[in-house]
1. Collect the residues in the stretch B:17-34 that are surrounded by fewer than 19 Cβ atoms within 10 Å (Cβ to Cβ) and over 14 Å from residue B:162 (Cα atoms), keeping them in residue-number order.
2. Do the conditions hold for residue D:269, that is, is it closer than 30 Å to residue B:77 by Cα, surrounded by 24 or more Cβ atoms within 10 Å (Cβ to Cβ), at the interface with chain C (Cβ under 10 Å from one of its Cβ atoms) and at pLDDT 95 or above?
3. Please go through (1) within 14 Å of residue C:258 (Cα to Cα); (2) among the aliphatic types (A, V, I, L, M); (3) assigned to a strand (DSSP E or B) for residue D:237 and return the number of the only condition it doesn't satisfy.
4. Can you tell me which residues in the stretch A:74-83 are acidic (Asp, Glu) and facing chain D (nearest Cβ under 7 Å)?
5. Search the stretch C:289-347 for residues being of a type in the set (Val, Ile, Thr) and surrounded by fewer than 19 Cβ atoms within 10 Å (Cβ to Cβ), and hand back the single one that is nearest to residue A:305 (Cα to Cα).
6. For the stretch C:84-98, indicate whether the set of residues that are small (Gly, Ala, Ser), closer than 22 Å to residue C:32 by Cβ, open to solvent by 10 Å² or more (accessible area, probe 1.4 Å) and within 8 Å of chain B (Cβ to nearest Cβ) is non-empty.
7. Suppose the filter is within 14 Å of chain C (Cβ to nearest Cβ), in contact (Cβ under 8 Å) with a residue 12 or more places away in the chain and open to solvent by less than 10 Å² (accessible area, probe 1.4 Å); does residue B:66 pass it?
8. State the number of residues belonging to the stretch C:316-338 that are within 19 Å of residue C:34 (Cα to Cα) and in a helix (DSSP H, G or I).
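The values are calculated or read from the model by the stated rules, or taken from the named source; none is laboratory data. Note that the coordinates shown come from a computational prediction; the quantities given were computed from them, not determined experimentally. Don't worry about glycine lacking a Cβ; one is built from the backbone with ideal geometry, like all the others, and counts go over all protein chains shown. Only protein heavy atoms, including side chains, enter the accessible area calculation; ligands, DNA and RNA are left aside. Shrake-Rupley method; radii C 1.70, N 1.55, O 1.52, S 1.80 Å.
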There are 4 protein chains.
Amino acid sequence: MALPAPPHIGALPPGPRHAITDVAGVTVGHCTLDAGSVQTGVTVVLPHGGDLFQDRVPAASVVINGFGKSIGLLQITELGVLETPIALTNTFSVGAVAGAQIRQCLGANPECGRSLPTVNPLVFECNDGFLNDIQRMAVTEAHYLQACQAAGLEVQEGSVGAGRGMSSFGLKGGIGTASRRVRMGTAGDTVYTVGALVLANCGRLPQLVLAGRAVGTRLAALAPVRPPEPEPEKGSIILLIATDAPLDARALRRLALRAGAGLARTGSVFGHGSGDIALAFSTAYTVPQDSARPMPAIAMLHDALLDPLFQAVADSTEQAIVHALWRAVAVTGRSGHRRAALADLLPGWPLV
Amino acid sequence: MALPAPPHIGALPPGPRHAITDVAGVTVGHCTLDAGSVQTGVTVVLPHGGDLFQDRVPAASVVINGFGKSIGLLQITELGVLETPIALTNTFSVGAVAGAQIRQCLGANPECGRSLPTVNPLVFECNDGFLNDIQRMAVTEAHYLQACQAAGLEVQEGSVGAGRGMSSFGLKGGIGTASRRVRMGTAGDTVYTVGALVLANCGRLPQLVLAGRAVGTRLAALAPVRPPEPEPEKGSIILLIATDAPLDARALRRLALRAGAGLARTGSVFGHGSGDIALAFSTAYTVPQDSARPMPAIAMLHDALLDPLFQAVADSTEQAIVHALWRAVAVTGRSGHRRAALADLLPGWPLV
Amino acid sequence: MALPAPPHIGALPPGPRHAITDVAGVTVGHCTLDAGSVQTGVTVVLPHGGDLFQDRVPAASVVINGFGKSIGLLQITELGVLETPIALTNTFSVGAVAGAQIRQCLGANPECGRSLPTVNPLVFECNDGFLNDIQRMAVTEAHYLQACQAAGLEVQEGSVGAGRGMSSFGLKGGIGTASRRVRMGTAGDTVYTVGALVLANCGRLPQLVLAGRAVGTRLAALAPVRPPEPEPEKGSIILLIATDAPLDARALRRLALRAGAGLARTGSVFGHGSGDIALAFSTAYTVPQDSARPMPAIAMLHDALLDPLFQAVADSTEQAIVHALWRAVAVTGRSGHRRAALADLLPGWPLV
Amino acid sequence: MALPAPPHIGALPPGPRHAITDVAGVTVGHCTLDAGSVQTGVTVVLPHGGDLFQDRVPAASVVINGFGKSIGLLQITELGVLETPIALTNTFSVGAVAGAQIRQCLGANPECGRSLPTVNPLVFECNDGFLNDIQRMAVTEAHYLQACQAAGLEVQEGSVGAGRGMSSFGLKGGIGTASRRVRMGTAGDTVYTVGALVLANCGRLPQLVLAGRAVGTRLAALAPVRPPEPEPEKGSIILLIATDAPLDARALRRLALRAGAGLARTGSVFGHGSGDIALAFSTAYTVPQDSARPMPAIAMLHDALLDPLFQAVADSTEQAIVHALWRAVAVTGRSGHRRAALADLLPGWPLV
């Protein structure tokens, strides 16, 4: 049965696309591998359309739970900028995608690693080993490039890209995205956009809360539809936040942390085996690689004005997780493992 | 109208007292100052009944949002132990209570600061300046000692002790406590207790979610009862977690972080002006001050077994916040400022 | 025997005052308590002459070793600004000085803690309990205010202010300061100043290295002059860095960390019992308390240009520690405890 | 001219091998690639001879300066254990070596990533792009395995393994190792060993200090032998510490941080472009992957007894850096770039 539109989280309005691409300049691309026991892929988020190595974007991350193998955060924490597309994939493909990012950067910057510094790959991961034959390491450099080439404003959600093989709350998980608009200023005429994109692979079914409703315990009680679930949780979730508000790395770290509030509302307690990692970036300005180029002179948003953005981060993150579950389709993969889709199980909405 | 018993959060059972004192050895004491524009106090949590300076307790903290003036966390992060009672009070009384802790330790350990190291005071704070004339700095050393002398197993909640002047979600906040029991092992015969105690002074009314219900938007819409609310939020929340599970400081930090999940479920997005700080300690063993005494040889709980404790932390924290609001009574203080009690506003429960 | 001028550390030139006050706007004041067993005091560093609560200064700290009781770092780490004078005193006087800072702020900002946020006291400490009767808690609010009133461009060093009772490397320690100038830009016409001020109370004598020379082992071998030394080390060192370079909190944290390099060159290994804490601030701009006032639009210094500043931080920190020892005079205090001065022990310089 | 034995740093005695392998159970292996413009390699440090995925070793890291692309630290910080050999290589080969570690683990643990968690690769890197054609990404999985197979107690130093193409202080850098023995207890009959192994690729020539002597300024003044040097510094240094003392992750982090003290004594100020990262591990016990296996019950060393170990970490780290320079041989690589060896430049020792 088809579900209606998903419930809206909170009081803030979304942007026109209901997606992270409502933040101007941001694009998203997927490459999906769907072939028998290979159910995996790559998703990329591009903060702008230029050369990110030359024009870096302010960014910061928060490790909510560090059972994870993502790479690139060390340097982002030190320098407060990201300098490649943000890539998402499965745990064992981090090395392949990082290599692809290096070669991509070398193509555009032949002196990278010589007269120029080395580039800092940025690859996030979740373990899709329940549905995907992760040991096959099927993702290659070409898949990363295909995801980059596919990048655009329309964002497919659910069982696509890096989300193809992911499970969340015992259901089919994957990619979800959402956005919120915030009005500021005495006249309310300053508008900022916050966008979230998640790779949802975390949680156990009984924990699931959808828009405040304890959906998980309801579904878990329906024995015939209870999907098989590995014990203990070995999931993860990646939480990406974009905004056009002028913020430096310190303030962006504060935003990233609020993605954890949105995650918690879905029932997650940041499980031991879950790599729960958030990253926030701003598109309001760039930081040049070359120190001979002028640095931007930006009046940052005052910290005391951040509360509406914090609300937008929590709400859009929760919304993105709802979307990931809502839009996912059932997938059967390795060893006949199958994850049912929420849309196939939920007997209408709202629950009565 | 009297409210029924508060809703139970989650599936785990509470301990017999529904309080942090369900963790064996833990006691709690209050000293409440209720005199016109002075509406404040001190609350203490004692991990055990001995000399904490000599027999220190493993502990770790997490700064969820660092708009706060608590003291003592620096050394706890380095050494992984606490060595005084945990004190809670208002922001401007931190110095007085810290001085009281030092003198208390000197009384029992005359060589402290001479042949022995200095003692590390541990004082958490929230700003109760809406109801309390915080500028008067009414809390003295004697009040801290009274709270210590009053410590016992029964825990008063609501508008008492350090919670006397606190506001939360535009309502009267204060002290709340709760506990959960977790069974482990193949036979389920290993039982651990997790206790939470909060000093709730955070949040704006429209954000409030009670046991999954958006109570705040409902109450905010009832214009006549909407309490006055300072803008922007200048609150804070202190989240204390106790457990008898054998955990070291690294694992306790993981527990402390999950208090943030419980907090997020109540609607908080960890506001900019809110000092949201969690601390977890274990009573399973002590660490001697004197390096000539033997160190404990403890088999810690395996990290892969922490998920039920994480759930217990999130659930008991949320429950403790519910209790703080549920049990608070209305208080009128400085300049006639008044905070209504949830119990006075909520038209029954559950909401229909 | 009088020592010659202390050796110059590194190749960078100092500013005209050889002091942290070479950074324009910065002033330093002391209040020294010298009365029998009371050998202690207060030192303040003021980043500018205005109201720091209203016009806050970008700042960041690094905890090199967290066996310490300093207060105020929590909020500085979150917000990246300091909003009071920086105060230094003994361990048990932190509360008294913090209270003094609060009252000082209330005097200038009567709404602090009411319609305005609470102020964040910033007090660093070392344990001077060997020479000073620290248990007497002799420092009062008046002493803090006297130090503020005494603030100026000339900086006394050695056994003054908070340094009165401090010991370092088994010798008399205390206050030291130094500065370095850095030229940048293609024409070398951009000049930045880095200033350091330390409260030196760390180290054991055999570790001491002065300008590369293992002075400590030499002095330790001279049995008649070997000063009594408590075992194990219970010292600490506070390392303050000022600069006029335009840097945000993230970059200032990077500077603060390099103070640890200067400290390490003196022979310290950041002893277990030593609270080794660095804080760096910039005078290049201020951040308003009031979010209605405009935020500064500053072109920060590019990270790739920080190396000369890192060098200046390490060199001026090492130099300031040398100054603290070089300028200290012997002090006799509690129980007849005495710390000899380096100037009394060192048989000339350079050592042959 | 052949140099004499390198100067001994500090007062503590070394172990019999003067190497990290003096810590019982630790072995080291290299695979060196020396072919024209390919001057690079892999070095591995194995904490013990068993299956590290099943029997994990307590570990902790400190990021001194985060301009680096090492992977694996995220999970080590969360869980406090390492579960693979420690691999060192060049910056662009991190992905290849991480993939090799994953496959190595899969070979021994076929359920890794399925019923077992995914394995956490641990690969450190420096940029050897001055001598090595790093863009060729010449390191393969086979090279990692060769390094593992070559692992033993004898440790080659200098221009070998991952150190083949590294430069340090404008000279040929690379691998260095050292050890120290510490006696404890009232009878001095408890002996712990600390071992250090560094991959030295940091620093500019004028900064270099050897055993307290400003060798760098001396050599830099000798114009004919001054080696070509890229500006600004784009180096890095990896600092590995092993010990047999019983320490948990919190205490090991404290040890790792003291490696920075040893590094600072060599003249480094932790340059902006340098990824300076330390990791410490203990061989005193292991932590099982399988939570059904019993956890070790270890009496950890009391924190107040750590000072001699801190001294041993700083001294052995400085010694290892001295060894890396002292034992390196000149290498000519990419585009005819050449790094001279310290042994070829230094006119005897000690300098007069």
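1. Those that are surrounded by fewer than 19 Cβ atoms within 10 Å (Cβ to Cβ) and over 14 Å from residue B:162 (Cα atoms): B:17, B:24, B:25.
2. It is true that residue D:269 is closer than 30 Å to residue B:77 by Cα, surrounded by 24 or more Cβ atoms within 10 Å (Cβ to Cβ), at the interface with chain C (Cβ under 10 Å from one of its Cβ atoms) and at pLDDT 95 or above.
3. (1)
4. Result: A:78, single match.
5. So, considering only residues that are of a type in the set (Val, Ile, Thr) and surrounded by fewer than 19 Cβ atoms within 10 Å (Cβ to Cβ), the one nearest to residue A:305 (Cα to Cα) is C:329.
6. Checked against the condition, which is being small (Gly, Ala, Ser), closer than 22 Å to residue C:32 by Cβ, open to solvent by 10 Å² or more (accessible area, probe 1.4 Å) and within 8 Å of chain B (Cβ to nearest Cβ), the stretch C:84-98 yields at least one hit.
7. In short, yes.
8. 6
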